[in-house]
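Quick notes on the structure that follows.
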Amino acid sequence: MSPRVVVLDYGSGNLRSAVRAVERAGAEVTLTGDFDAAMGADGLVVPGVGAFAACMAGLRAIKGDRIIGRRLAGGRPVLGICVGMQVLFERGVEHGVETAGCDEWPGVVERIQAPVVPHMGWNTVEVQSGSTLFSGIEDERFYFVHSYAVRDWTLETNDRTRAPLVTWAEHGGDRFVAAVENGPLSATQFHPEKSGDAGAALLRNWVRTVA
């Protein structure tokens, strides 16, 4: 039986491509902002485009931050994509305005320090060994479109819990977090649904962990 995945609809952009991509990866997908449906699904995808503050406002309006927190407390899979990854961090700073995020990870989302911004197009990533998301696609390129990112990973586990796997990318000499795998919580700064065969493989890898 296919795992049931909810793509969380909180008013953030065109979600149809994410729905289709996760369906092709082998899941039965529902697009909804309903609290109970999002809690009950086998897996939850949190997409996001645009501004950090607007995405957080949309998430909070449907209690999306609580859905994410509660699912993770129960060890239930969540995948954040693009701004859907950024909102998982402690805070975002855009145009001098600071907005609180979901605070699942410490860190600040800030403007990329590169000569050309936004970072738009295909890029390679630096994958840590042992990655599940990138299994078989470690050397592939993925599609990015963003002006903001997390440029410093600050979470210290001190070996008390398994350290998250952090994947990095670089644009214009600035390094930033491209993906994180942290138990039930995974996230990518790039768009797997726009990343061709490599993105499709990554989503299949994630859907397998949900099943």
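Quick note: the coordinates plus some simple rules give every number you see, no bench work behind them. Note that this is a predicted model, so its numbers are computed, not measured. Here the Cβ positions follow ideal geometry from the backbone for every residue, glycine too, while neighbour counts run over all protein chains shown.
Take the alpha carbon gyration tensor of the stretch 158-201, find the square roots of its eigenvalues, order them as a ≥ b ≥ c, and report rounded if a/c is under 1.5; if not, report prolate when a/b exceeds b/c, else oblate. Because a/c hits 1.5 or more and a/b fails to exceed b/c, the stretch 158-201 counts as oblate. Using the Cα coordinates of the chain, the gyration tensor eigenvalues translate into equivalent-ellipsoid semi-axes of 23, 20, 17 Å, sorted from longest to shortest.
According to the Kirkwood relation over distinct C-alpha pairs, the hydrodynamic radius of the stretch 77-140 is 14.0 Å.
Here the contact order of the stretch 133-211, divided by its residue count and restricted to Cα pairs under 8 Å and six or more residues apart, works out to 35 percent.
Under a model in which nothing but the beta-carbon of Lys, Arg (+1) and Asp, Glu (-1) is charged, the chain shows a dipole of about 460 debye around its Cα centre. Assuming charge only on the beta carbon of Lys and Arg (+1) and of Asp and Glu (-1), the dipole of the stretch 19-79 about its Cα centre is about 200 debye to the nearest 20. Over the chain, Cα pairs under 8 Å with separation of 6+ residues give a relative contact order of 21 percent. Stretching the chain fully between D152 and L31 yields a gain of 40.3 nm (0.36 nm per residue, less the alpha carbon separation). With the biggest extent put first, the Cα atoms of the stretch 106-146 measure 31, 27, 13 Å across the principal axes.
Stokes-Einstein, applied to the Kirkwood radius of the stretch 29-97 over Cα pairs at a viscosity of 1.002 mPa s and 20 °C, places its translational diffusion at 173 µm² s⁻¹.
Of the beta bridges in the chain, as assigned by DSSP with both residues counted there, near 60 percent are antiparallel. Here the translational diffusion coefficient of the stretch 92-211 follows from Stokes-Einstein with Rh set to the Kirkwood radius across Cα pairs; for 20 °C and 1.002 mPa s it amounts to 142 µm²/s.
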